[in-house]
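Notes follow the structure.
A short reminder: the numbers here are calculations on the coordinates, not readings from a lab. Please read these numbers as outputs of a predicted model, since none were measured by experiment. FYI the Cβ positions are ideal-geometry reconstructions off the backbone, even for glycines, and counts take in every protein chain you see.
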Amino acid sequence: MPEPSTVALWVVLALLVIFTGVAISRAIRIVPQASAVIVQRLGRYSRTLDAGLHFLIPFIDKVRATVDLREQVVSFPPQPVITSDNLVVSIDTVIYFQPTDPKAAVYEIANYIQGIEQLTVTTLRNVIGSLDLEQTLTSRDQINGQLRGVLDDATGRWGIRVNRVELKAIDPPASVQDSMEKQMRAERDRRATILNAEGIKQSQILTAEGEKQAQILRAEGTAQAAILESQGEARAILRVFDAIHKGNPDSKLLAYQYLQMLPQIAQGESNKMWIVPTELTQALQGIGAALGPHGPSGTGSLDAPPTPSYGDDGGSFDAVEVDEPSLEDPAEALRRAREEAAGAAREAEESSRTARRGAPEPSPAPQPDSGTFDEPTQ
């Protein structure tokens, strides 16, 4: 059995070893990167330990706090805020901050995170209270800038730098959200209607432009066709006119042409009367004088040769040769036609004047070379 003195010695040695271990552990301090350690000596601030190995005086120097120097992100719960138009909105905020002075962050404020949260709430209510709902929803950058400026000034003495402030969500009341959705739907419907109307307008404009161009092209084609047709008719009339002049026609041919035109003049259900031209009566007289068995010899035709005489037995004598008929001078015929046209114009003017005065219209003088025929009874 060991002696009591020996046991006491071993106990003292064990306590000495334990004390030495504790002292060594308290004397040696390893600070990690991006961290700072606040050391107090006998209850007062002594120094700030940076990253690395440091030695302290056991039981005299004491670690007050360890501060994380990295940028930190704190999201605060939604806060009810009243806008200038008396609407309550719920706003979530996110704060990005970084400690720059570990000593101030430990000794200037007890809990800088809680201090930042309360300062953010009060500042947010002041900023949102001066804005209406529409401005609150559309002015996030302005609100973030104002919050950051106020928080950075207030937290500077705490050794905290506020880098950014973001509004994570702005939730208006349910009734306001429903009204906003209806307004947005109405706005989108209006824009859709306007776009549809613009499309219809453009379509109608393009259709009208196409029809306009088509009508212009058709009109140009019709004009070209009419021009070509008139040129063809003019060439045909010139050729017929040249052929007639080369053939040297006489009055019998003209009378035959007048007779061919009589049925066409009498055509039409609305024809009650028609006037026979002077040239037609003269041609008929010539034909009657030339073809009639008892017509006056030597008269009745403008340029026809004398008709042959017939004997009592029905035989005919030999035809007497006559000279080739000659046509009327064109200048003389033109002058005579102009005089007749002027006389007809004067008679028509006198008749119109008499009708306007209400006087009975004087009967025209009988013309030997014109006649009036009633429409044949059907």
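Side notes on the structure shown:
- Residue-count net charge about Arg29 - beta-carbon cut-off 15 Å; Lys, Arg +1, Asp, Glu -1: +3
- Relative to the current alpha-carbon distance between Lys182 and Glu339, full extension at 0.36 nm per residue lengthens the span by 47.5 nm.
- For the pair Ile24 and Arg47, the difference between a 0.36 nm per residue extended length and the Cα-Cα distance amounts to 6.3 nm.
- A dipole drawn for the range 4-68 from +1 and -1 charges on Cβ atoms has a positive end, and of Thr66, Gly21, Leu9 the residue lying farthest that way is Thr66.
- The HN-Hα couplings worked out from phi for the range 107-116 by the Karplus form 6.51 cos²θ - 1.76 cosθ + 1.60 (θ = phi - 60°) are 9, 7, 8, 6, 9, 5, 5, 5, x, 5 Hz, whole numbers, x standing for Gly and Pro.
- Residue order, fewest to most beta carbons within 10 Å, for His54, His245: His245, His54
- Full-stretch length increase - Leu238, Phe55 - with 0.36 nm per residue and alpha-carbon distance subtracted: 52.5 nm
- Net charge of Cβ neighbours under 13 Å - reference Arg157; Lys, Arg +1; Asp, Glu -1: -2
- Net charge of neighbours whose Cβ lies under 12 Å from the Cβ of Arg188, counting Lys and Arg as +1 and Asp and Glu as -1: +1
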